[in-house]
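K.L.:
To start, I am sharing the structure in question, which I have written as structure tokens.
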Amino acid sequence: MFLKLLTKSPMLLLGIMMILTVWLSHMGVLNIGIFDNNRNRPTPCRAALVRLERQIPANWSVSCSDNNLNVVVNEIAVTAADPEFRPKLYRQMANHLVTLAQVSQNDILEKVFIIHLKQVHAKMDIDAISEGKYVAKLVTITRPEFIKDHLKQTVQVKETLK
């Protein structure tokens, strides 16, 4: 009897399908397209991402996963034939972290949980992981010795030779 009613009035069937779709997306079962609830959920990482995407160099790419900021830098400033290759890469990594802190808003960057900076080069990759509150403090530090000490204490680094 119910199927007979649905075949006589297709608008009722359409209405039931729309209500079911809205209910499933609200429950978190259906996360497709416009019904994706996570896309519109504000996080400090997405707030930082808005400003970073406008002001970062072309060889950077930034993305968010939950409240973690992922930055990938294709390193072009350091040549592979340089004899002091490794120290210059680490200096560039520190410069990138300072640039990241200067470009983004300080109060928003403090609320980002993890910042993962991956520096890609032809000879070596460097992965640096730190918390947002420590990277945000790099704005106030001006002397290179203090920046170096701060980074030694707060950043975990892993290098991978190619």
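K.L.:
Give the residue that is farthest from E145 (Cα to Cα), with candidates limited to residues of region 53-97 that are within 16 Å of the chain's Cα centre (by Cα) and β-branched (V, I, T).
P.N.:
Filtering region 53-97 for residues that are within 16 Å of the chain's Cα centre (by Cα) and β-branched (V, I, T), the one farthest from E145 (Cα to Cα) comes out as V62.
K.L.:
Scan region 124-154 for residues that are touching a Leu at 6+ places or on another chain (Cβ under 7 Å) and outside any helix (DSSP H, G or I) and report the count.
P.N.:
3
K.L.:
Looking at region 126-148, is at least one residue under 17 Å from P87 (Cα atoms), in contact (Cβ under 8 Å) with a residue 40 or more places away in the chain and assigned by TED's automatic domain parsing to the domain that holds N74?
P.N.:
The answer is yes, given that some residue of region 126-148 is under 17 Å from P87 (Cα atoms), in contact (Cβ under 8 Å) with a residue 40 or more places away in the chain and assigned by TED's automatic domain parsing to the domain that holds N74.
K.L.:
If you take the residues in region 60-89 that are assigned to a helix (DSSP H, G or I) and surrounded by fewer than 17 Cβ atoms within 10 Å (Cβ to Cβ), which one is modelled with the lowest pLDDT? Break it down into steps so the answer makes sense when it comes.
P.N.:
Restricting attention to region 60-89, the residues satisfying the condition of being assigned to a helix (DSSP H, G or I) are 85-89.
The next check asks that each one be surrounded by fewer than 17 Cβ atoms within 10 Å (Cβ to Cβ); those that pass are 85-88.
On the way: F85: 85, R86: 88, P87: 88, K88: 89.
By that ranking, first place goes to F85.
K.L.:
Filter region 99-138 for residues that are hydrophobic (A, V, I, L, M, F, W, C), more than 20 Å from N68 (Cβ to Cβ) and surrounded by 15 or more Cβ atoms within 10 Å (Cβ to Cβ) and give the result.
P.N.:
M124
K.L.:
Let me ask you something else. Does region 2-27 hold any residues that are loosely packed, with under 10 Cβ neighbours inside 10 Å and at pLDDT below 70, and which are they?
P.N.:
Selection gives M27 alone.
The values are calculated or read from the model by the stated rules, or taken from the named source; none is laboratory data. As the structure is a prediction and not an experimental result, all values here were calculated from the model. No Cβ is skipped: glycine too gets one built from the backbone with ideal geometry, and neighbour counts run over all protein chains shown.
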